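One structure is given here, and the rest of the page talks about it.
Please treat every number below as a calculation from the coordinates, not as lab data. Quantities reported herein were computed from a predicted structural model and do not represent experimental measurements. FYI the Cβ positions are ideal-geometry reconstructions off the backbone, even for glycines, and counts take in every protein chain you see.
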Amino acid sequence: MKLIFKYLKPYALIVVAIILFTILQVQTELSLPEYMSKIVSNGIQYGGIEEKVPTVISADDMNDILLFASESDKNKILQGFELIGKGSTINIDKQELILDKDVYLYKSDEISDLLEMPLVYTYLARANNISLSDDINNIKKTLDEKLVSLQDNHESLIRVFIKDLYTNIGIKTDNIQNSYILRTGLVMLLIAAIGVVVQLCGTYLSSKTAAKIAATMRKDVFEKVESFSSSEFSKFSTSSLITRTGNDVTKIQQLIQMMLRMMLMAPIMGTSAVARVLRYPNISWLLIVAIGIMVVTMIVLVIFAIPKFEVVQKLTDRINSIMREFLDGMLVIRAFNSQEVEEEKFDDVNSEFKRTELFVSNLMNIIGPIMTFVMNGLTVAITWFAAKQIDIDAMTIGDMMAFSQYAMHVVMSFMFVTMLFFMIPRSLVSVRRIKEILDTENTIVDKDNPELLPEENGELVFDNVSFKYPGAQESVLENINFIAKPGQTLAFIGSTGSGKSTIIKLIPRLFDVTSGSISYCGKDIRDVSQKQLHDKIGYASQQALLFTGDIKSNIEFGRELSKQELDEAIRISQSENIILEKQDGINEQISQGGTNVSGGQKQRLSIARALAQKKNIYIFDDCFSALDYETDKKLRKSLNELIEKTKATVIIVAQRIATIKNADKIFVLDEGKIVGEGSHSELLKNCDVYKQIAYSQLSKEELA
Ligand SMILES: Nc1ncnc2c1ncn2[C@@H]1O[C@H](COP(=O)(O)OP(=O)(O)OP(=O)(O)O)[C@@H](O)[C@H]1O
Ligand SMILES: [Mg+2]
């Protein structure tokens, strides 16, 4: 999680913006049910009447109403109104009205309480056809009995009455209703539109941020992997590294996007909706029950699912790795008819993957139906219990609808939160896998203040070097000593697995020595920067590697080469006829892995790459093996001319005596030890291992 926050940090401002957008979105979404409730209650139930005191009352109606007020109240009430005579024009709710009777026009705000009970009594009396000419106290008594069931809730009564009062004067109440519904509807539309815009902004920002972070993370992982030495590589398989940069980073991207949306939204929505739900204390307990059911189910599911997430990711690695090996080795597999074995290997992992994935997705799939069940149950329960409240006028239908929408929001928020519990552990597996790469300590690092190497070539000295591969039990090299002087050609020969390539890999510090030291120009190679060291070395590895791109880019390999340098490298490495033979010449495309050139051509091109810039040391690890004798000879000849000219040091590993016969010094390796050194003729005399190799390869005449 720390890792994610580290990556989120540069986007703090955007995150704040997203939070603001989210708050706005929640507010707009939550205010909609309120307006809907208004449309239903005020608009439909009460005919668009919002006021608690009628704006106008006809003189006749006022007389009836005042019957129920005490003497002192009567005066006060009348003072709150203005009497307007028949025939004048008044303006009510945008309606021009020519009065056909005297009316009272409301002007003061202080009398609404005084008017409440008289309005209620009058309404009830009329509704129950009670004549007002009887003793007013008796009437009140009868009406009070009816009032008991209303529980102090007179608002709805009064509004219905106000509508009647308006109709009596000739006001078109339908118009009031229509304009109320229209007005509120428009406000709702506007709010909904704002909600959409805000939501779009929030989603856009969060997707963008997540994508950017994923890109940065991918770059960081790539750069980190680039800095790995071989021993770090051995910790991760290639396919695992590929899964991590691809699949795992994508998972993290999804997590971040989810965090920026759901994780922010759910608590904000949840708390705001809860606050609104609490306005209806009579039925809010329903919610607690619903949430309780959900949380418990979720927790149970999560407990089952979490251990499986890691397994899924590991299996993804395995599948990738098998697939990769299968694709790389397709030709060999066909040649050996071992498709079935490979298929079985794949099937095993694949079906385990299927089982685990199925288990996890089944768990996830349960969530949906449970949610639907809880939500529907809640709706039914809300309708059931709210109906009772509506019956006693403690709630309006609009209230019930609003409550049920708020309740859904609360339930949804809780669902999101619990979903997060599901998804976060899953993504955290990916986070950990990325962190593993980023946190890997490089074993081969530059010193803080590396020493500088001189421009000109110097001696390369192996001083009592022993080497053990990381994690291996036994040393691969033991007590290797030699000195390579400028202008010299050194050769290493020995049976396979004798440690030739290992010696070579120590020179550019692909590995560090276990004991002893390697120095160049009098400086331990661990004290100079790797970049400077690599700048001095031209290296052609045992596996000739070509990269996607054309021949030219494979030789240049990111360096700026002059035409002369390029031509020279092509000439010395005997690559001219490769280029001549290709349709597009030097611009011929090389396919991935160099599958469209032959083994020998690949070797020559990678030799050209090693030679393409002036270097002090050239290393060729068994790269002449796939060349025919003629080409081998020509190549060595032009290489010798180069060394004459530049005084470079050349180190050649070879299996063929002919290739190294003319080297200044030949070292014979056997099981990691130097068992013979000297020139070809010296070794023929005093080194048995060399003699054996030589006799197996050359005729008596050649040896002579
Ligand atoms: N990355 C590695 N991790 C562990 N052991 C390794 C590694 N690379 C090579 N070895 C072991 O080190 C020994 C020497 O290997 P090396 O590649 O140096 O042999 P070589 O002389 O170049 O052989 P070849 O002529 O076949 O190229 C071998 O026994 C090999 O199994
Ligand atoms: Mg080798």
In terms of the charge dipole of the chain, which places +1 on Lys and Arg and -1 on Asp and Glu at the beta carbon, the residue among Leu639, Ala12, Tyr204 farthest towards the positive end is Leu639
Here the relative contact order (percent) of region 102-254, from C-alpha pairs under 8 Å and at least 6 apart, is 17
Listed by chain and number, the lysines with an alpha carbon less than 21 angstrom from that of Lys435, same-chain partners under 8 positions apart left out, are Lys2, Lys6, Lys9, Lys212, Lys219, Lys224, Lys235, Lys251, Lys308, Lys314
Percent antiparallel among DSSP beta bridges confined to the chain, nearest 5, equals 60
Note: Lys76 to Ser156 extended length (0.36 nm per residue) minus current alpha-carbon separation gives 26.4 nm
With 0.36 nm assigned to each residue of separation and the Cα-Cα distance removed, Glu310 to Ser338 gains 7.0 nm
Between Glu451 and Glu560, the FRET efficiency computed from the C-beta separation at R0 = 22 Å comes out, to the nearest 0.05, as 0.25
In this structure, the FRET efficiency calculated for Lys172 and Ile288 from their beta-carbon separation, with R0 = 45 Å, to the nearest 0.05, is 0.45
Excluding residues fewer than 8 positions from Lys485 in its own chain, the lysines with Cα under 16 Å of it are Lys523, Lys536, Lys615, Lys645, Lys647, Lys665
Relative contact order of the chain (C-alpha contacts under 8 Å, at least 6 apart) in percent is 13
Here the FRET efficiency for Gln589 versus Val296, based on Cβ atoms and R0 = 51 Å and rounded to 0.05, is 0.25
With the dipole of the chain defined by +1 on each Lys or Arg Cβ and -1 on each Asp or Glu Cβ, the option from Ile367, Asn554, Gln613 whose Cα lies farthest towards the positive pole is Gln613
With only helices counted (DSSP H, runs n ≥ 4, each -39500 (n - 2.57)), the per-residue ellipticity at 222 nm for the chain, to the nearest 500, works out to -19500 deg cm²/dmol
Ranked output for segments 275-283, 60-68 by mean other Cβ atoms within 10 Å, highest leading, reads 60-68, 275-283
Computed over region 224-438, the relative contact order (Cα-Cα under 8 Å, seq sep at least six) in percent reads 48
With label points set 7 Å from each Cα along the Cα-to-Cβ direction at Asp109 and Met330, the distance between them in nm comes to 8.3
Taking the dipole of region 224-438 about the Cα centre (Lys, Arg +1; Asp, Glu -1; charges at Cβ), the one of Ile242, Ala275, Thr379 that reaches farthest to the positive side is Ala275
To the nearest 20 debye, the chain has a Cα-centred charge dipole, built from +1 on Lys and Arg Cβ and -1 on Asp and Glu Cβ, of 1560
Once the in-chain neighbours fewer than 8 apart are removed, the lysines whose Cα is under 23 Å from Lys163 read Lys38, Lys52, Lys74, Lys86, Lys94, Lys101, Lys107, Lys140, Lys146, Lys172
Computed for region 224-438: size of charge dipole around the Cα centre, +1 on C-beta of each Lys and Arg, -1 on C-beta of each Asp and Glu, debye to nearest 20, value 620
In nm, the gap between the two label points placed 7 Å beyond Cα toward Cβ at Gln45 and Asn350 is 6.3
The distance between the Cα centres of region 185-200 and region 270-320, in whole Å, is 29
Expected unfolding gain across Phe373-Ala59 under the 0.36 nm per residue rule, minus the alpha-carbon gap, is 107.3 nm
Between the modelled labels at Lys9 and Ala193 (7 Å from Cα along Cα→Cβ) the distance in nm is 4.3
